[in-house]
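The values are calculated or read from the model by the stated rules, or taken from the named source; none is laboratory data. Given the structure is predicted, the values throughout are model-derived calculations rather than measurements. Because the Cβ atoms are built from the backbone with ideal geometry, glycine has one as well, and the counts that use them run over all protein chains shown.
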Amino acid sequence: MNDILIQARDLCVSYRTSRERIKVLRGLSLELRRGEAVAIIGPSGSGKSTLLNLLNGLLRPDSGQLRVFGREAAELGEGDWAELRRTRIATLFQDGNLIPTLTVERNIAFRAGLAGLQQHGGQALLEHLDIAATAQRYPDQLSGGQRQRAALACAFAMQPELILADEPTGSLDQATAQRAIPLFFDAIRERTVGALIVTHNAELARRCDRVLELRQGALNPWDSALSS
Ligand SMILES: Nc1ncnc2c1ncn2[C@@H]1O[C@H](COP(=O)(O)OP(=O)(O)O)[C@@H](O)[C@H]1O
Ligand SMILES: [Mg+2]
């Protein structure tokens, strides 16, 4: 099995608006292996969400080389990417990505079902995240923090190989984040997944193997000694 999940070299992405062209990623390179967690930090607007959208195939780079699971991204069609997102890549968006017409329990079963799983351990995940009581509720009946935890449960229930998370603990208080964080590292320790986690949670970043800062369109090792 290929242990290199992501290989990105010199990726450039820009957005065109009616008035200007904004260069967001300017030669970004990154490698992520199975069993590895990488934290991405960087100021608002630096391109963190753009990077995640590139890695889950929702956005195409202007130039540069990207390989996911050993496959050349340029050769993947929309259907290939959709298949990867169904079965191998879990993306946790900032605003959660639950289906509004399904209860929490059904969201989990649906997500696992798309990945071809009958057994998903969803109930145990909900209990671990302290939201078992929300199983029969719809997303709009949840608080922001409960929605974020339900989205986490969905992501882990599909047993992904690659987790792309955009501030996965951003809506959680410290105590709740503390319960959610081990989910990532249990899966990573088992070497079944690799995770790229955009986060400002110091505890989450500290437990990652590497912390990279997105600055001026590229990733740089973050040296905590240099920052205040
Ligand atoms: N669809 C878009 N069209 C135009 N500009 C965009 C679009 N999406 C993001 N941007 C711009 O690209 C830059 C990076 O955005 P984003 O990746 O969301 O940053 P971050 O997640 O680090 O806050 C910002 O300046 C943002 O305004
Ligand atoms: Mg963002």
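Structural remarks
- Test: residue in segment 114-126 that is in contact with a helix residue (DSSP H, G or I) (Cβ under 6 Å, 6 or more places away or on another chain) and part of a loop (DSSP other than H, G, I, E, B): yes
- Against the conditions (1) in contact with an Asp or Glu (Cβ under 9 Å, 6 or more places away or on another chain); (2) within 14 Å of ligand 2 (Cβ to nearest atom); (3) under 18 Å from G194 (Cβ atoms), L51 satisfies every one except (1).
- Selection of segment 100-113 for residues being closer than 21 Å to D130 by Cβ, assigned to a helix (DSSP H, G or I), of a type outside the set (D, E, K, R) and over 19 Å from the mean Cα position of the chain (by Cα) yields V104, A109.
- Filter pass, G45 being away from ligand 2 (no atom under 16 Å from the Cβ) and free of Cβ contacts under 8 Å to residues at least 60 places away in the same chain: no
- L58 vs. criteria closer than 17 Å to V193 by Cβ, within 16 Å of ligand 2 (Cβ to nearest atom) and touching a helix residue (DSSP H, G or I) at 6+ places or on another chain (Cβ under 9 Å): no
- Residues of segment 12-27 classified as touching a helix residue (DSSP H, G or I) at 6+ places or on another chain (Cβ under 7 Å) and either under 19 Å from R210 (Cα atoms) or more than 7 Å from ligand 1 (Cβ to nearest atom) (or both), total: 2
- Search result, residues across segment 119-166 that are of a type in the set (K, R) and more than 22 Å from R189 (Cα to Cα): R137, R147
- Of the helices (runs of 4 or more DSSP H) lying entirely inside segment 136-216, those containing at least 3 residues that are closer than 18 Å to L126 by Cα span 144-157, 174-189.
- Against the numbered list (1) at pLDDT 95 or above; (2) under 18 Å from the mean Cα position of the chain (by Cα); (3) surrounded by 18 or more Cβ atoms within 10 Å (Cβ to Cβ), P139 comes up short only at (2).
- Number of positions in segment 65-95 that are touching a residue at least 24 places away in the same chain (Cβ under 8 Å) and either within 16 Å of ligand 1 (Cβ to nearest atom) or among the acidic types (D, E) (or both): 4
- Enumeration of residues in segment 145-191 that are among the β-branched types (V, I, T) and in contact with a Lys or Arg (Cβ under 8 Å, 6 or more places away or on another chain): T176, I181
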